[in-house]
Amino acid sequence: MTWYTSFFTDLANTFWRGAVQPSQTVAEIDFVVGFADGTRVLDAPCGSGRHSIELARRGYTVTGVDISTEAIEHARAQAPALDWRLGDISSLASQGVRADLALCMGNSFGYLDHSGSCRFLVDLAAAAPVLVIDYSCAAESLLPSLPGSIELSAGGVDMVAVNSYDVASGRLLIDFTFSDGVRTQRSTAVQHVYTAGELTRMLRAAGFASVELFGDTDGGAFKVGSHRLLAVARR
């Protein structure tokens, strides 16, 4: 069983929902809609739906797919009219979604192993002619200043994350502890780390003809030390 199938419980999801400010979501959607050539959007994985809901507010028709039952239920409660689907990104093709733009936001690219990530990109290329990936675990972003541990509180949940990097497999292992004072969840997340060049080659192999790399939602160029990688791929 892949780690993320059991990771995103109500404790973890409550923390992440509280950790992201609405202004960040608005800035991210301002960025991605600049690449949309139509109104149909696939958001996979969609998490608790913050991007999908903002897109719908702007008039887009959105399908959100996520494996977390809690996240999908939360999203559906916030926006019941949207097309929310419980499903795994490892078998995205089974959803049969066709869109004008596909999103993989929230640093969720890299959850799958290499073969799974390549298959996921092929499925995304089949689903939409344009793809935007938000990836904070690109090697150029992550490795120059990888913190040993992080402690944060959000949404009434305390989070401690202890990082280790496996150089042989190119994986970031994150031991998370979430606690709300009553309940505690301990889980390990696994992120497969790619350079921007490796991701570009994977996107082209998946069927995308062009790839642009940005380092922020203002459109700045991606470089070593950029906080995140925003990759925009077109068929």
**Fill in**
Of 68, 52, 141, 149, the only residue that is under 27 Å from residue 201 (Cα atoms) and among the hydroxyl-bearing types (Ser, Thr, Tyr) is 141
**Fill in**
Only one of (1) in contact (Cβ under 8 Å) with a residue 40 or more places away in the chain; (2) at negative phi does not apply to residue 150, and that is (1)
**Item:** Test: residue 172 is part of a strand (DSSP E or B), under 30 Å from residue 119 (Cα atoms), in contact (Cβ under 8 Å) with a residue 12 or more places away in the chain and not charged (D, E, K, R)
**Value:** yes
**Message:** Suppose the filter is exposed (fewer than 15 other Cβ atoms within 10 Å of the Cβ), under 22 Å from residue 176 (Cα atoms), hydroxyl-bearing (Ser, Thr, Tyr) and outside the structural domain of residue 174 (by TED's automatic domain parsing); does residue 69 pass it?
**Reply:** yes
**Subset of region 193-217 [assigned to a strand (DSSP E or B) and surrounded by 18 or more Cβ atoms within 10 Å (Cβ to Cβ)]** = 211, 213, 214
**Complete:** Residues of region 113-125 being over 14 Å from residue 42 (Cα atoms) and touching a Cys at 6+ places or on another chain (Cβ under 9 Å), in sequence order, are none
**Asked** In region 212-235, is there at least one residue being in the same structural domain as residue 100 (by TED's automatic domain parsing), in contact (Cβ under 8 Å) with a residue 24 or more places away in the chain, under 19 Å from the mean Cα position of the chain (by Cα) and farther than 20 Å from residue 33 by Cα?
**Response** yes
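Being of a type in the set (Gly, Ala, Ser), at pLDDT 95 or above and under 27 Å from residue 168 (Cβ atoms) narrows it down to one residue among 68, 117; which is it? Break it down into steps so the answer makes sense when it comes.
Numbers: 68 fails: under 27 Å from residue 168 (Cβ atoms).
The unique qualifying residue is 117.
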**Request:** Please verify whether region 183-191 includes one or more residues that are more than 19 Å from the chain's Cα centre (by Cα) and assigned to a loop (DSSP other than H, G, I, E, B).
**Result:** yes
**Prompt:** Given the conditions (1) more than 23 Å from residue 2 (Cα to Cα); (2) touching a residue at least 60 places away in the same chain (Cβ under 8 Å); (3) touching a Gly at 6+ places or on another chain (Cβ under 7 Å), which single one is not true for residue 122?
**Reply:** (1)
**Request:** Could you grab me the full set of residues in region 168-208 that are under 29 Å from residue 125 (Cα atoms) and charged (D, E, K, R)?
**Result:** 171, 198, 201, 204
**Asked** Given region 1-56, what helices (runs of 4 or more DSSP H) lie entirely inside it while holding 2 or more residues that are among the β-branched types (Val, Ile, Thr) and either under 14 Å from the mean Cα position of the chain (by Cα) or crowded, with 19+ Cβ neighbours inside 10 Å (or both)?
**Response** 22-32
**Item:** Cβ-Cβ under 8 Å pairs, at least 6 apart or on other chains, region 72-86 side closer than 11 Å to residue 53 by Cα, far side outside any loop (DSSP other than H, G, I, E, B) and basic (Lys, Arg)
**Value:** 82/76; 84/76
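What residue, among those in region 113-150 that are part of a helix (DSSP H, G or I) and of a type in the set (Asp, Glu), is surrounded by the most Cβ atoms within 10 Å (Cβ to Cβ)? If you could, list the steps in order and put the result at the bottom.
Applying the first criterion (part of a helix (DSSP H, G or I)) to region 113-150 yields 114-127, 139-145.
Within this subset, residues satisfying the condition of being of a type in the set (Asp, Glu) are 123, 140.
On the way: 123: 21, 140: 19.
Residue satisfying both the conditions and the ranking: 123.
Only residues that are among the basic types (Lys, Arg) and within 21 Å of residue 127 (Cβ to Cβ): list them for region 209-235, please. Even if it seems obvious, please write down each step before you answer.
Taking region 209-235 as the starting set, the residues that turn out to be among the basic types (Lys, Arg) are 223, 228, 234-235.
234, 235 - these are the residues of region 209-235 that are among the basic types (Lys, Arg) and within 21 Å of residue 127 (Cβ to Cβ).
The values are calculated or read from the model by the stated rules, or taken from the named source; none is laboratory data. In this text the structure is predicted, and so the values were computed from the model without any measurement. Counting neighbours? That spans all protein chains shown, and the Cβs are built from the backbone with ideal geometry, glycine included.
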